[in-house]
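Take a look at the structure below.
The values are calculated or read from the model by the stated rules, or taken from the named source; none is laboratory data. All figures in this text were calculated on a predicted structure; none of them were measured in a lab. Positions of Cβ are generated from backbone atoms using ideal geometry, with glycine treated the same way; all protein chains shown enter the neighbour counts. What goes into the accessible areas is simple: the full protein's heavy atoms, side chains included, and nothing from ligands, DNA or RNA. Shrake-Rupley method; radii C 1.70, N 1.55, O 1.52, S 1.80 Å.
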Amino acid sequence: MRVLMVAPPGAGKGTQGALIATHFGIPHIATGDLLRDHVARRTKLGLAVQRHLDSGTLVPDQLVLDMVRRAIEAAAATSGGYVLDGVPRNMAQARALYQVGLELSMTANVALHLKAADDELIRRLLARAALEGRSDDTEEVIRRRLAIYHEVTHPIVAWYGARGILVTVDAMRPAEQVGREILAALEVMRAFVDHVPEQVRTPVDLTGLGAAFGEP
Ligand code: ADP
């Protein structure tokens, strides 16, 4: 199973990414965590990216892509699967990642979109700020990260829709419920991701499912 997640800050990429990784026994490749680790260890990469992380702007594509390529190479040599969290974040990264995937025979077979409204995301991130103290969880920086998401990240969702690998989940509900729905959808897809050519897949939209079953 090779899953990439596209979601705004606060939608639960970290939580759901960890759940998917444990469930399928695949590595959770979280670019934000990897970058923060570089900053903490004061590596050359860490020193180069710190101001981007603090201000909530995107790190230059090539720095992230080199780091992600190494992680995907490692994944190819072990489980052959992955869950990508935090990349791609713009169209250039989506294209480059696809090329890396082709080269390594590691293209994603599911693009998981976690959908949530801005006011809920801001509320969650401010609540987390009080607990974790991440340098980019101030209201000003949160608003900038959301604006960047809407401007350059969200448009790539349609690209995965056209490729037929998109699964959209309503991430406004409690994490356990969202997680159950994600695992159920991925379990269904697991049976055929390796057998069905990418071209014939159709987008899956689960956002209306809760309402259809009478959930608020
Ligand atoms: P969030 O999604 O909540 O903003 P992340 O931990 O995914 O949190 O990312 C934190 C920061 O790391 C981003 O604001 C950005 O500066 C940097 N970053 C992470 N992934 C990428 C990426 N693919 N391209 C550029 N910058 C990135």
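Below, the figures for the structure above:
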{"item": "Test: residue in the range 74-82 that is within 13 Å of the ligand (Cβ to nearest atom) and surrounded by fewer than 15 Cβ atoms within 10 Å (Cβ to Cβ)", "result": "no"}
{"item": "Residues within the range 25-59 that are near the ligand (Cβ under 9 Å from one of its atoms), open to solvent by 60 Å² or more (accessible area, probe 1.4 Å) and within 21 Å of residue 94 (Cα to Cα), tallied", "result": "2"}
{"item": "Contacts under 6 angstrom Cβ, first residue in the range 40-56 being in contact (Cβ under 8 Å) with a residue 40 or more places away in the chain, partner more than 9 Å from the ligand (Cβ to nearest atom) and acidic (Asp, Glu), 6 or more apart", "result": "none"}
{"item": "Verdict on residue 124 being in contact with a Gly (Cβ under 8 Å, 6 or more places away or on another chain), of a type in the set (Lys, Arg) and surrounded by 15 or more Cβ atoms within 10 Å (Cβ to Cβ)", "result": "yes"}
{"item": "Flag for residue 66 being closer than 28 Å to residue 126 by Cα, open to solvent by 60 Å² or more (accessible area, probe 1.4 Å) and more than 8 Å from the ligand (Cβ to nearest atom)", "result": "no"}
